[in-house]
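Chemist: Mind looking over this structure? Questions follow.
The values are calculated or read from the model by the stated rules, or taken from the named source; none is laboratory data. Just so it is clear, the structure is predicted and the values come from calculations on it, not from any experiment. Here the Cβ positions follow ideal geometry from the backbone for every residue, glycine too, while neighbour counts run over all protein chains shown. Quick note on the areas: whole protein, heavy atoms, side chains included, nothing else; ligands and nucleic acids left out. Shrake-Rupley method; radii C 1.70, N 1.55, O 1.52, S 1.80 Å.
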Amino acid sequence: MAAAGTEDAAKYAESLRKNLMDDLFEGDELQDGNERDAEWGIDDLVGGSNELTLLDIDKDLDEFQEHEVIKGILEQGRVLKEYARDIDDKLRQAEMESIQEYIQESDTMVALHEQIKNCDGILNYMEQLLGKFQGDLGKVSEEIRQLQVQSQMMSTKLKNRRAMEGKMGSFIDHVTISEVMVQGILESEVNEDYLEFLMELDKKLKFIGQDDIARTSQAKHDLQPALEKLRIKAISKVSYFMMQKLYMLKRPKTNVQIIQQNSLLKYKYFVRFLRLHGPDVYAELRNEYIGILSRIYSSHFRTYLGSMEKMQAVVAQQSDVLGIAENPGGGGSMLGGLFSKNTARATTEAVFELGDRVHILDEADKPAIIPHMAEAEGRRFPYEVIFRNVHKLLMDSATSEYFFCLDFFEEESVFKDLFTPIVAVVEGDLANSLQSNFDALSVLLMIRINHAHRKVMTQRHVPYLDDYLDRINLMLWPRLKMLFDMQLASVRTGLERQLFTDSVAVHTVAKRYAALASSMLLLMAEYDSDETGLFKAQTFYDMMDRLWAAICDMLLRMSNFFKERRSGIIFLIVNYNHIMATLRTADNLSSSGGGAGPGAGAGAGSSAAGGGGEGGGAACAAAATGIGRTGATAIKDCEDQLANCTSLYVEDQLSNHFPILVEFVKKAEQQQKRLAVPEGQLIPNFAPAQAGPIMKDFGARWKAVIEDMHKEVAKHFTHASCGKDVLQASLTSLLKYYTRLLELMKKQGPEGQAVIRDAVNIPSIMYEIKNITKT
């Protein structure tokens, strides 16, 4: 053991020596290991070779001059051989020290070697043990795979057995009749508990008739006779029970909806059973329900219509047209029917005013009026209120019945067959009432109400009444057009002589037209568009344009009947101002959301002369859009007509008070333009010499003339607003004529300037005009 340790130490020392020499002579230029020792030696460095020349030495010195070891030796000036011996001595000393250290640690190394050998033995044992365990695991894995296969087979068998058990159990359950079910169907009283027996019988009947296996099995032949007897018995008992429930609806003063919800709806499965297994009996039950409810609803609606129509207030008669004399004296044809008991009366603009009637549009979905309560209060209603309440009742009844039929009978045809006679009752009554309805506003209100009701039914998702509401719309529009044609025919050419009253006050035709136009424009403002649809907006506005053209033509023709031209002009101004003011009042009231009763807007909307009556504008707001785009156009047309007539009145008044001044200014401007007279030269025949007397006359009389003009306007136009506008237009025109005269004088040189110095200055005239217009 010691010899082996010594041998290992010697080897270690030799290895250590080689490493140390490598560290001393390492560099890129030197070769490694044994090759370096073979090529170079100490003798070579000190000139041991006879073949070495000085050139080679210089070359070697240049090559190794940067080597740290050689550089150190050269700097110290030591002999190379001595340096080599020192190195060898150090190496031997280090070698011996290393060997001694190794020898000291040899026991430890031996112990470590023994431990490593022991570890190898343990590892070999563990390897054998793990190999054996791996073999055992392989056997266990194979057993687990076998168990999995067996488990899958058992699971499949269990699944198949359960499926077979379910099918067989269900089949056996469906093809067997329990004694409890037989006794329940044959002997039990029909009530809510009877439903369970019906449901069980229904399942068995469906199974026998629909299942492929059951239809071909022997069980069907054994079971079918018993099931048929039970079916017949169940249908008999259920049909009798349901008929008795339906007969409850015939009792007087019965609330149909309460019976439907509390007594019928909970037995809806009975009806389904009859429909599936007793179609003949179901058809009988269905027809009986339709017959009972149709008679009940028809009777209720006839009674309601009769009660409401007894409280109808007649607003307009056949004779209430625009072009009729204010005091017909009992003339005019009267229709029978609804209006047969009325006597002739004067037609005023109140007939054509909307008033509070517009509020019916806000009540489209409010509860219907109870007739006996309204009759006890002595209330009376225009026809559109009756229309609204009848249709509200119809919509509510239809909605309730529609959803009940869907839930109870599970088919829409029941509701359709039930409600068709009821709709016919309401539709027939409306058709008859429209024949005696000559109120255009009422018809237009009904069109609006019908449109609102259509939206309500759409929101309720009840489509059945859509066709009926469309038919109502097709009934109302032609009636409205016919009534419009009546109004238009009443102001046709040739009737102006009969309507002429030789008064410059607001004519009754203008009052009626203003009230009618503002009312209708209010109602149609929301539909003021070019789109076609349920509301024939464009057709309506075309009718309004034709009526406006006829009114303007009639007013113009009547103005020609006055003996004095000025009276005709005043007549036109007063009537156009009344129409314009009425339309503006209606527009302002509707835009601000306000309302007005009959006669609203009389203060701001009428202009009368000689104490004539003052009638009102439209009633109240139908929409936040005012009277719409067409209403604004009508106001603009009226303003244009009024401006033209006002300018004629002003010219006539100025020609009466300052005829020479007006004529002089007009002819002088024409002469200046025709001759192209340059500034600074005199205008022939219109020089300052000719203008001087005119200006003196104006200076002497202008204050008195302005006062006279004020009095004339106050006399001709009793309405303050209209008179103020006309007076302001007259005085403004007078000031313009005078200003034009001064301008003509300024352009004619020194002579014209001299005339102007003595003239009345314009601020004085303006001050006086302002004082007068304020009064």
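Chemist: Of 768, 189, which has the most accessible area and how do the rest follow, probe 1.4 Å?
Modeler: Putting 768, 189 in descending order of accessible area: 189, 768.
Chemist: While we're here: Once the other residues with Cβ under 14 Å from the Cβ of residue 665 are scored (Lys, Arg +1; Asp, Glu -1), what is the net sum?
Modeler: Cβ neighbours under 14 Å give a net charge of +2.
Chemist: Which peptide among 226-233, 149-156 comes first, and what is the full order, when sorted by highest mean count of other Cβ atoms within 10 Å?
Modeler: 226-233, 149-156
Chemist: Working out 0.36 nm times the residue gap between residue 111 and residue 770, then minus their Cα-Cα distance, what length gain in nm do you get to one decimal?
Modeler: Length difference between fully extended and current span is 223.5 nm.
Chemist: Where does each of 753-765, 440-452 land if you order them by average Cβ count within 10 Å, highest first?
Modeler: Per-residue mean Cβ counts within 10 Å order the peptides as 440-452, 753-765.
Chemist: Quick one: if the Förster radius is 35 Å, what FRET efficiency do residue 272 and residue 155 give, using the C-beta to C-beta distance and rounding to 0.05?
Modeler: E between residue 272 and residue 155, to the nearest 0.05, is 0.25.
Chemist: Dividing the alpha-carbon radius of gyration of the range 418-459 by 2.2 N^0.38 Å (N being the number of residues), what value is obtained?
Modeler: Cα-based Rg divided by the globular estimate yields 1.34.
Chemist: So, one more: Per-residue accessible area for residue 548 at 1.4 Å probe radius, Å² rounded to 10?
Modeler: Here the residue's solvent-accessible area equals roughly 30 Å².
Chemist: Determine, from the Cβ-Cβ distance of residue 228 and residue 137 and an R0 of 60 Å, the FRET efficiency 1/(1 + (r/R0)^6), rounded to the nearest 0.05.
Modeler: 0.30
Chemist: Roughly how many nanometres apart are two label points built 7 Å out from the Cα toward the Cβ at residue 492 and residue 126?
Modeler: 12.6
Chemist: While we're looking at this one, here's another question. Would you mind estimating how fast the range 629-686 diffuses translationally, via Stokes-Einstein at 4 °C and 1.567 mPa s with the Kirkwood radius over Cα pairs, in µm²/s?
Modeler: 91
Chemist: Expected output is a single nm value to one decimal: the length gained when fully extending between residue 566 and residue 732, i.e. 0.36 nm times separation in residues minus the C-alpha distance. What is it?
Modeler: Between residue 566 and residue 732, full extension yields 57.9 nm more.
Chemist: Let me ask another. When a/c is below 1.5 the answer is rounded, else prolate if a/b is larger than b/c, else oblate, so apply that to the range 343-501 with a ≥ b ≥ c taken from the square roots of the Cα gyration tensor eigenvalues.
Modeler: prolate
Chemist: What does the charge count near residue 653 come to, summing +1 for each Lys or Arg and -1 for each Asp or Glu among other residues with Cβ under 11 Å from its Cβ?
Modeler: Summing Lys and Arg as +1 and Asp and Glu as -1 gives -3.
Chemist: If I stretch the segment between residue 557 and residue 538 completely, what's the gain in nm (0.36 nm per residue apart, minus their alpha carbon distance), one decimal?
Modeler: 4.0 nm
Chemist: Separate question: Using Cα centres only, tell me the gap between the range 653-722 and the range 86-135 in whole Å.
Modeler: Here the answer is 144 Å between Cα centres.
Chemist: Work through the residues other than residue 464 whose Cβ is under 9 Å from its Cβ and net out their charges, Lys, Arg +1 and Asp, Glu -1.
Modeler: Summing Lys and Arg as +1 and Asp and Glu as -1 gives -2.
Chemist: Quick one: ranking 429, 640 by accessible area, 1.4 Å probe, largest first, what do you get?
Modeler: Result, largest first: 640, 429.
Chemist: Given H placed on each backbone N at 1.01 Å, which residues far from residue 381 in sequence or on other chains put an amide H within less than 5 Å of it?
Modeler: Distant-sequence amide H within range of residue 381: 312, 313.
Chemist: Another question about this same structure. Highest mean first, how do 673-681, 252-260 rank when packing is the count of other Cβ atoms within 10 Å averaged over residues?
Modeler: Output ranking for 673-681, 252-260: 252-260, 673-681.
Chemist: Using protein chains only and a probe of 1.4 angstrom, how many square angstrom of residue 584 are accessible, to the nearest 10?
Modeler: Ignoring ligands and nucleic acids, residue 584 comes out at about 100 Å².
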